[in-house]
Every structure is written in structure tokens, then in C-alpha cells.
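Asker: Please see the structure below; I have some questions.
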Amino acid sequence: MEIPAKYNPAEVEDKWYKYWMENKFFRSVPDEREPYCIVIPPPNVTGVLHMGHMLNNTIQDVLVRRARMTGKNACWVPGTDHASIATEAKVVSKLKAEGIDKNSLTRDEFLKHAWEWKEKHGGIILEQLKKLGASCDWERTSFTMDESLSASVIKVFVDLHNKGLIYRGVRMVNWDPQAKTAVSDEEVIYREVNSKLYYLKYFIDGEDGFVTIATTRPETILGDTAVCVNPNDPRYTHLKGKKVIVPLIKRSVPIIYDEYVDMEFGTGALKVTPAHDINDYMLGDKHNLETVDIFNDDGTMSAAAQLYIGKDRFEVRKLIVKDLEAAGNLAKVDDYQNKVGYSERTDAVIEPKLSMQWFLKMQDLSKPALDAVMNGDVQIYPAKFVNTYRHWMENVKDWCLSRQLWWGHRIPAYYLPEGGYVVAETAEEALELAKKKTGNQSLKLSDLRQEGDVLDTWFSSWLWPISVFDGIRYPENADIKYYYPTNDLITAPEILFFWVARMIIAGYEYQNEKPFKNVYLTGIVRDSQKRKMSKQLGNSPDPLDLIAKYGADGVRIGMLLCSPAGNDLMFEESLPEQGRNFSNKIWNAYRLVKGWEVDDKIPQPISSKASIEWFNNILSREIAQLDDHFNKYRISEALMVVYKLFWDEFSSWLLEMVKPAYQQPIDAKTYSELVDIFEKMLSLLHPFMPFITEELWQYLKERKQGDSLMISQMPNAENFDSGLLERFDLMKEIIAGVRTVRQEKNIPNKQSLKLFIKVTDQFGEEVESIVSKLAGLEGLTYTNEKVEGAASFMVKSAEFYIPLEGLVDAEEEIEKLKAELEYTKGFLQSVMKKLSNERFVNSAPAQVVEIEKNKQADAESKIKVIEERLALLSK
């Protein structure tokens, strides 16, 4: 087969991905082999591929492809998440653009639009992953609202409710006024902002005087039901039993006393708004205060606020400050820096709000999941995140499960006509339970009202490693018994609690077993200014554009070159460019080898035999290193091992060692052994660079239909001869020494040289033959004497001489040596100055002093050699 002069990634990638799919190489079903399983962190169904996905899925694909090539039954389960808040927001926005208000639709009408949107846009990201080379079992593609997964979610909710772990109650929640739903603590992002601190006067009811309070949110005074001071604060002891007037609305509220108040902060007096601050809510509960909810769900003022009804909270903030000033209640305004919570999903400022919600008790449920990580049953890489995990799990709060949305899993609670509710998997079961609970056998389905809220999206994804195998409904089925627990989870540290911890909790609750053995946490992809890549900043390249420009393999290499576990990746386009250059290096190495004429009649040269033996030994050593890196989840380091092995040892050394002379053939034995080595190199590279390696593997030898590198066996580490490798390292230094002399003396490569070696033990025919070939020698001779008129260098204790007679200008060489001598003497002087300093010698660590002494010995030795060379040249 004729190989093109240039590698064309676009043509090659589409061809081989189609071939892999047609031959079902990604497909996995239970069999007698050891399973290896990864479940994909399901991207939002609204999503398109971004740089974080690229990094995460490249790592997953590397692990899956490697497992497949080590003989395991590799199964990578893909899928998407229904993403309640994000998807509903997209659908509402689409409807708005079409002139349709969500509130004008029934729930079923809205859901019809949502499903249509999902069918149209929902698979985009998975199709994009194929461009990256993701070897997922696409026949197993799951969606968190598929029938089986939805049934699993509902079954778990009912089960946990029946166990007494799910309850309903009014609690303070994080309210997103834009999405009009509660969000969990973990979905709130806190940012440092420049605010104002408003000092307000609350006049004492029935007498002169006032109490000053400070707040960043003056609009919330309309919900104040007390002012609180510390009982130990002497400034306020005289106010015991008194009341103050809330400005503008003239509500008389009590002054209460509680040690919760910090006397040193602000004025020492705290306005209490139980409906809109978690700490105020706890004070209100303790002191039995009235609760006044002044906000509507969309962040506008409610009728309970009495003023500014229907106006947005931030507009009211401006208006109320003017009105407070006019009324004489504004004492002063200071600049102030504070942290404000924003919704991760909509970026709206979070409003603490009292709301009736569904909760899951987490304390007892989470204990096995904490133990699993602390005792090492589940390993987290890098280990620095174990403490973060422990802190979260030891301080776990009850999980607010309900979301005030329509898109998602509707909570399976059914309210009874006379009050109360029942929880059941189906409406029919709910009716039977309702009849039993009420004793009213004439109840009909139409008498029951199902809860309108849906479940938090994470309540479906926490079951993901079980539900994708239908292990909730059928815990003994063949798939769950074979693939569970899965092997590795690759995800981001920011969802360690959101998702990872909760999956471990669900795993022990529903399978009595961890869901995965290892968790590999990637870093965040950042730009050169260390900013997180995002659409808003416009600093994130389109991954598909990068693939079109540099090839999928180039981008994969670029993502992995500098992304150690848990550390952020500083992305620049030079990285995929480096990846593309590496692809070109591999392509050109193949073209070089395939361009040689092979002659099966000529014997194998000693140099080639020795070179092949050397490389097979270095290959075994590097495969062992590669295996070790993979075992420790050092993916970037593993890539660097193969990268350097191919670029440095294979291309720069081995190919040069065995390359035939110009227009001469290569012997058949060396060629055959070289092709075998190339095949092993392609195998090692394949998990990182699947496309170019498959293309070249197919070219390399005669293949038949259905053959593929991706299902071939990964080479194993054999025993290696470390003594042989040391001899060859010495050989490389000798060749480098000769090349340095050529460079310094401007001796062209075509000019043959003689090399004299002064050494105790000879190097042997193998090393000599390779040195002669690569250093361009016409003769290699051992000697006991120094060679006059020669350039010299040392490797270890051996001295090497290259006679320069007729090759260099003696006067020019003398000038060079004099300059080098002057520099070396100056260097020696600086070292001696350090060593003559008693304080340095006595106080510095022994190894530091030893290094300086070695520098002294090296410099003295070098001076002696230079002076001898000068003496010879001056004769």
C-alpha cells in the first residue's frame, strides 16, 4: 500500500472510527474475561463539548483502550443528564422567543416542548465525543430520564421514604429567583463583591432615642420582626423589655437578647429577618418570632412587604435608601466588601427563603461512604482530596431534594383530599395506599393530587453506576453482577461531594458495595492568564475547531502533556500543535522505514544486531515504567514515557543505528525486527493516539478484514539487562563527544575521522561498530598514550582523541582553548572562594559541600586537559 507523503487526520479519523463502529469493537457484554468498566460522567443534555469535557473524556478513553489491549472486557458506558434547571431554562427561553409564556401552558404541554427540544439537541455532545475518538459502547447510551432510569429514581425515593429517611418540612433554602427553584448549598458560588454597609436608626417605641443597626440589604428591613443584642453588652442593658419601630412601615418589634450576637461587630445590634437569613431564622425559631416573607418567587416584593409591591429587590434597594434618608433613618453609608452567593446554574443572586421542601436525612446514610474512602476501599487520586472529602462528609447536612420545576422526575407523593399524603411508585399504588390510610374505599384517582415539584437532578445521577445496568430494579441481573463495582471514575474535584460522595452513598445503600474502586480527579482547564475557560470570558477555543486544525490525536496529546491529576491545565494552542508535530514525527518515521529497500541475501551487521538488542531492553524497561505510572494514575507521566521513547530512543537513536548507507539496502533480519519494534511502539501509543496508530498499524503488515490495533495485545515488560543499557548510555556519550568536536572545529559530517581511546577495558565490538557508524569514523584504535595534535574529551574515566592534523586551523584552535582556559580558571576561583570560607564548610549540608568539591575536581581536571592540548598545539 502506498502511504501518502503527509498525514491527513480528517480523512483517517472518519475512516477508522467508522471501521471500529461497524466491527462493534466498542461493544461489551458479560463473558469469562475480567471486566473493566467506566461510566461516563453524564454531560448535561443541553451541553456542547468544551475543553473540560475534552480533558476528562480523553483520560477515560486512554484508560479504556489500554484495558481493552491488556485482555480485559472493557465497557465504557456513555449517556447524558437531564439537567432540570439548565434544560428548563433553555426551553423557557426558546418558547419566549416564539412568543409563548411558560405560565400559559399546562405541565403536559410544556413537557411536550421540552422532550421535542431534548430529541433535537440532546445528542449533540455525544456525537462530538466520537470526533475525539471516544470508544464508548454506544449501544448502552443512557439518559437519566429513560424509562428504566426514571423508574429506578422513583423506586429509590419510595424506598427511602418508607425507611423514614425522606421527610417534608419548611426550611430555609437557597432560592434562585431566576429559575424560581431551591438549589442546594453546593450549587451556590460565593464571590467577593464591593457592597455598601447601611447604618439605620430604629427609634425606640414610646420614648426618645434609637438603636443603630448595620445591613448590606436595606430592602429586607420590611421583613424585620426583632432587633437582637448580646445580653452582656452594657450599651443595651437599659433597653430590656422595650421595642423599636421598623423604619417606614412603623412595625413595633421587640428587642431580644442572645449571645449569638458579636458585640465587636458593627454596632453590636442585629436586625432579625427570620424569613430571609439562615441565622435569623434560627434566632426566630429560638425566640418564637413572627416570620414575614417579603419576596415573591421571582425576587419581587410581595404584599407582605407592604411597600414597593411587585418591584424587583435590587430596584427597591435604591428606592428604600432614598426613602430612609428622607425619613431620618439613614445614619451613614460605608463601602464594604462581602461575599454574596450566586446560583451556579443561572448566576442570579441567591435569596435565602423559607420554603416547604422535601429532604433526605444524610447523617447515618453517609457513614459507610466516609469509611470507604478513609479505609482505602475507594482510592482518590490525588490523595490531597481525601481530607476535603472527609470534611464534607463529617459535616453533611440533610439534602434538599425538591425543585420547583416541571422538567425532571416528578416526586411520587400524592396529597389526600382531607390532608396528609402517601408515597408510591405509581398512581394506582398511591390510590390503594390512600384508601387504606383514610379508610375511604370510594376514593378515586382524581381525588388525589400529585406533588408538583421534581427531584434534584443529582438524585438521579447519584444512582448512575447502578441504574445504567438496571441494578435498582433488578439487583441480580447479569450486567450489574458482572460490571459492578466499576473500576475508575474520572471527574472534576468541584463535584466530589455533589456527585462522587453521593454515588458512594447510594452504592452501599443499594448494592452493599462501592460503585467504583478509584476516583481520578482532573484539574480545571485554564488559559495562559490562569483564568478558567468559559463562554462568558470568550477565552475557550472550540474543541472541534482544534480537532479540525491539529487532528484528534494532536489535541488529545496536547491535553495530556501537562495535566497531572488534580492540577490545573494551563492551555495554549502550542500544546495541540506539539501533539500534531508528534503525529508528523511518527508518520515520517514510518515513511523512512518503509522507504528502505530490503535485501534478504545480505547478513545482519553487528551494529544492527546490537542496536535491536539494546532497544528491546530499553523497551522492556520503559514498559515497566509505563505500567507503574498507570497503576498510580500518573497519566501525563505515562504519556511522557512513550513520547520520549519514540522521539528520543526510537527515532533519534535506533533508526540512525540501523539505517542503511545512502542508496544501499537494509538486511531482511534487521528490517523484520525493526517492523516488530515499530508495531510494539504503535501499541504503546494507541491509547493516547488511536487514529494515526491504527492507520500505520494497518500499513505496517498484511492485515485481514476485522483486524485492528485496538483489539490487539499490549506488549508486556520482559526482563532487561541494565548493564547493556549502561554500556549504550556510555556509547551515546562517546558519539555526542565526537559530534561536539565536529561542531566546535567546523568539521563536516562527510569527513571521516580517526578516534583513539585511552581506557583500561575495551568497549567491545558491538559498541565500537555503532560508534564507528554514527560518529563517521574511518578508524577506532585503543592506545596507552596521549595523542599529540588532537582534540580530546572524556567520558567517565576514558580519554578520547581525534587527530586534527589537516582538519583545523591551529592558531584559531589555540585562541579558542585560551578563552576556555581563562573561563575555567575563573570558575575554579569562585568555587575555591566558597570552599575556603570556614563558615560555609561548617554550616552547609554535607552533600552541598561535596558538590562544590566535585566542581573543584572537575575544573582542575579540565584545566589540566586544556593546558596539555595547548602545549601540543604550540609545538
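Asker: Distance between the C-alpha centers of segment 826-867 and segment 46-103? Whole Å please.
Answerer: Segment 826-867 and segment 46-103 have Cα centres spaced 61 Å from each other.
Asker: In segment 804-837, which GluC sites (Glu not before Pro) are in a loop and have at most 16 other Cβ atoms within 10 Å, using DSSP for the loop call?
Answerer: Numbers: sites: Glu805, Glu811, Glu812, Glu813, Glu815, Glu820, Glu822; in loops: Glu805.
The qualifying sites are Glu805.
Asker: Once ligands and nucleic acids are excluded and a 1.4 Å probe is used, how much of Val45 is accessible, expressed in Å² to the nearest 10?
Answerer: 0
Asker: Is the shape of segment 291-347 rounded, prolate or oblate, going by the alpha carbon gyration tensor and its root eigenvalues a ≥ b ≥ c, with a/c under 1.5 for rounded and a/b larger than b/c for prolate? Each step should come with its number before you reach the end.
Answerer: Numbers: a/c = 2.34, a/b = 1.17, b/c = 2.01.
Note, shape of segment 291-347 comes out oblate.
Asker: Pop the C-beta distance of Lys250 and Asp298 into the FRET formula with R0 = 30 Å and round what comes out to the nearest 0.05.
Answerer: Numbers: r = 27 Å, r/R0 = 0.91.
Calculated transfer efficiency: 0.65.
Asker: Which percent of the accessible heavy-atom area of the chain goes to carbon and sulfur, probe 1.4 angstrom?
Answerer: On the chain, the fraction of accessible area on carbon and sulfur atoms equals 48 percent.
Asker: Still on this structure, please answer the following. Between Lys517 and residues 5 or more places away or on another chain, which pairs have amide H atoms under 5 Å apart, with H built 1.01 Å from N, and which residues are they?
Answerer: Asn487, Asp488
Asker: With labels modelled as points extended 7 Å from the Cα through the Cβ direction, what inter-label distance (nm, one decimal) is found for Asn162 paired with Asp205?
Answerer: Roughly 5.2 nm, to one decimal.
Asker: Where does helix 765-775 land angle-wise versus the long Cα axis of the chain, in degrees 0 to 90, nearest 10?
Answerer: Tilt of helix 765-775: around 80 degrees.
Asker: Skip the ligands, DNA and RNA, and give the accessible area per residue of the chain with a 1.4 Å probe, whole Å². Display every interim value, and only then the final one.
Answerer: Working: 40580 Å² over 875 residues.
Solvent-accessible surface per residue comes out at 46 Å².
Asker: In addition: Can you compute the radius of gyration and Dmax for segment 419-546, using only the Cα atoms, both in Å?
Answerer: 21.9, 70
Asker: Here's a follow-up. As an exercise, take the mean of 1/r over every pair of distinct alpha carbons in segment 697-811, invert it, and state the Kirkwood radius in angstroms. If you can, show how the numbers build up before the last one.
Answerer: Details: mean 1/r = 0.0591 Å⁻¹.
When all Cα pairs of segment 697-811 are included, the Kirkwood radius is 16.9 Å.
Asker: Let me ask something else about it. Quick check: the angle from helix 635-644's long axis to the longest principal axis of the chain, C-alpha only, nearest 10 degrees?
Answerer: 20
Asker: Taking only DSSP H segments of four or more residues, each worth -39500 (n - 2.57), what value at 222 nm results for the chain once the sum is divided by all its residues, to the nearest 500 deg cm²/dmol?
Answerer: Details: 28 runs with 367 residues, N = 875.
Calculated from helices alone, the mean residue ellipticity at 222 nm is -13500 deg cm²/dmol.
Asker: How would you classify segment 175-266 from its alpha-carbon gyration tensor, with a ≥ b ≥ c the square roots of the eigenvalues: rounded for a/c under 1.5, else prolate if a/b is greater than b/c, otherwise oblate?
Answerer: Numbers: a/c = 2.22, a/b = 1.78, b/c = 1.25.
Cα axes put segment 175-266 in the prolate bin.
Asker: In terms of solvent-accessible area of protein heavy atoms at a 1.4 angstrom probe, what is the ranking of His50, His113, His238, highest value first?
Answerer: Values: His50 85, His113 45, His238 115 Å².
If we order His50, His113, His238 from most to least accessible, we get His238, His50, His113.
Asker: To continue, here is another question. Using a 1.4 Å probe on the protein heavy atoms only, what accessible surface does Glu838 show? Give it in Å² to the nearest 10.
Answerer: For Glu838, solvent-accessible area is about 140 Å².
Asker: Per-residue accessible area for Leu248 at 1.4 Å probe radius, Å² rounded to 10?
Answerer: Spelled out: Leu248, probe radius 1.4 Å, area about 40 Å².
Asker: Among the listed pairs Lys825/Lys862; Lys131/Lys549; Lys131/Lys704, give every one whose C-alpha distance is greater than 21 Å. Can you show the working numbers first?
Answerer: Values: Lys825/Lys862 10 Å; Lys131/Lys549 13 Å; Lys131/Lys704 25 Å.
Flagged as over cut-off: Lys131/Lys704.
Asker: Here is a further query. Taking one equal scatterer on every alpha-carbon of the chain, how large is log10 of I(q)/I(0) by Debye at q = 0.05, 0.06, 0.07 1/Å?
Answerer: Result of the Debye calculation: -0.46, -0.62, -0.77.
Asker: Still on this model: Ordered by residue, what ³J(HN,Hα) values in Hz, to whole numbers, does segment 55-60 give under the Karplus form 6.51 cos²θ - 1.76 cosθ + 1.60, where θ = phi - 60° and Gly and Pro are x?
Answerer: In residue order, the calculated couplings are 5, 4, 6, 5, 4, 4 Hz.
Asker: Let me check something: with ligands and nucleic acids excluded, how do Trp614, Trp653 order by accessible area (1.4 Å probe), largest to smallest? Provide the component values of the computation, followed by the final result.
Answerer: Values: Trp614 0, Trp653 45 Å².
In descending accessible area the options line up as Trp653, Trp614.
Asker: Same structure again: For the Cα atoms of the chain, what angle does the longest principal axis make with the long axis of helix 690-700, in degrees from 0 to 90, nearest 10?
Answerer: 30
Asker: Please compute the modelled spin-label separation between Met832 and Asp335, points set 7 Å along Cα→Cβ, answer in nm with one decimal.
Answerer: 6.2
Asker: Once R0 is set to 22 Å, what does the formula 1/(1 + (r/R0)^6) return for the Cβ-Cβ distance between Asp377 and Ala478, expressed as a FRET efficiency to the nearest 0.05?
Answerer: Working: r = 25 Å, r/R0 = 1.12.
Efficiency at R0 = 22 Å is approximately 0.35.
Asker: Between segment 773-787 and segment 190-265, how far is it from one alpha carbon centroid to the other, in angstrom?
Answerer: 94
Asker: If you average the alpha carbon positions of segment 339-406 and of segment 116-134, how far apart do those two centres end up, in angstrom?
Answerer: Going from one Cα centre to the other spans 29 Å.
Asker: Quick check: with the 1.4 Å probe, what order do Leu817, Leu870 take by accessible area, largest first? Before the final figure, lay out the partial values.
Answerer: Numbers: Leu817 5, Leu870 25 Å².
Of Leu817, Leu870, the descending order of accessible area is Leu870, Leu817.
Asker: Once a ≥ b ≥ c are taken as the square roots of the eigenvalues of the Cα gyration tensor of segment 567-613, is the result rounded (a/c under 1.5), prolate (a/b larger than b/c) or oblate (a/b not larger than b/c)? Each step should come with its number before you reach the end.
Answerer: Working: a/c = 7.29, a/b = 2.58, b/c = 2.82.
Verdict is oblate for segment 567-613.
Asker: Using a cut-off of 18 Å between alpha-carbon atoms, which aspartates and glutamates can reach Lys155, once sequence neighbours fewer than 8 places away in the same chain are excluded?
Answerer: Straight-line reach from Lys155, under 18 Å: Asp146, Glu147, Glu425, Glu428, Glu429, Glu432, Glu451, Asp453, Asp456, Asp470, Glu476, Glu509.
Asker: Label points 7 Å out from Cα along the Cβ direction at Glu259 and His121: separation in nm?
Answerer: For Glu259 paired with His121, the spin-label model returns 5.5 nm.
Asker: Within segment 73-163, list the GluC sites (Glu not before Pro) lying in a DSSP loop whose Cβ has at most 15 other Cβ atoms in a 10 Å radius.
Answerer: Numbers: sites: Glu88, Glu98, Glu109, Glu116, Glu119, Glu127, Glu139, Glu147; in loops: Glu98.
Of the GluC sites (Glu not before Pro), the ones in loops of segment 73-163 whose Cβ has at most 15 other Cβ atoms within 10 Å are Glu98.
Asker: Continuing with the same structure: With a cut-off of at most 13 other beta carbons within 10 Å, and DSSP calling the residue loop, which GluC sites (Glu not before Pro) in segment 682-733 qualify? Please list them. Before the final figure, lay out each step's value.
Answerer: Numbers: sites: Glu694, Glu695, Glu702, Glu718, Glu726, Glu733; in loops: Glu702, Glu718.
Passing both the DSSP loop test and the Cβ count: Glu702, Glu718.
Asker: For segment 638-741, take the alpha-carbon Rg, divide it by the Kirkwood Rh, and send me Rg/Rh.
Answerer: Details: Rg = 16.0 Å, Rh = 15.9 Å.
On the Cα set of segment 638-741, Rg over Rh gives 1.01.
Asker: Apply the Karplus curve 6.51 cos²θ - 1.76 cosθ + 1.60, θ = phi - 60°, to the phi angles in segment 572-581 and return the couplings in whole Hz, x for Gly and Pro.
Answerer: Values, residue by residue: 9, 5, 5, 6, x, 5, 5, x, 5, 4 Hz.
The values are calculated or read from the model by the stated rules, or taken from the named source; none is laboratory data. None of these values were measured; they are calculated from a predicted model. For neighbour counting, all protein chains shown are included, and Cβ atoms are generated from backbone atoms with ideal geometry for every residue, glycine included. Heavy atoms of the whole protein, side chains included, go into the accessibility calculation; ligands, DNA and RNA do not. Shrake-Rupley method; radii C 1.70, N 1.55, O 1.52, S 1.80 Å.
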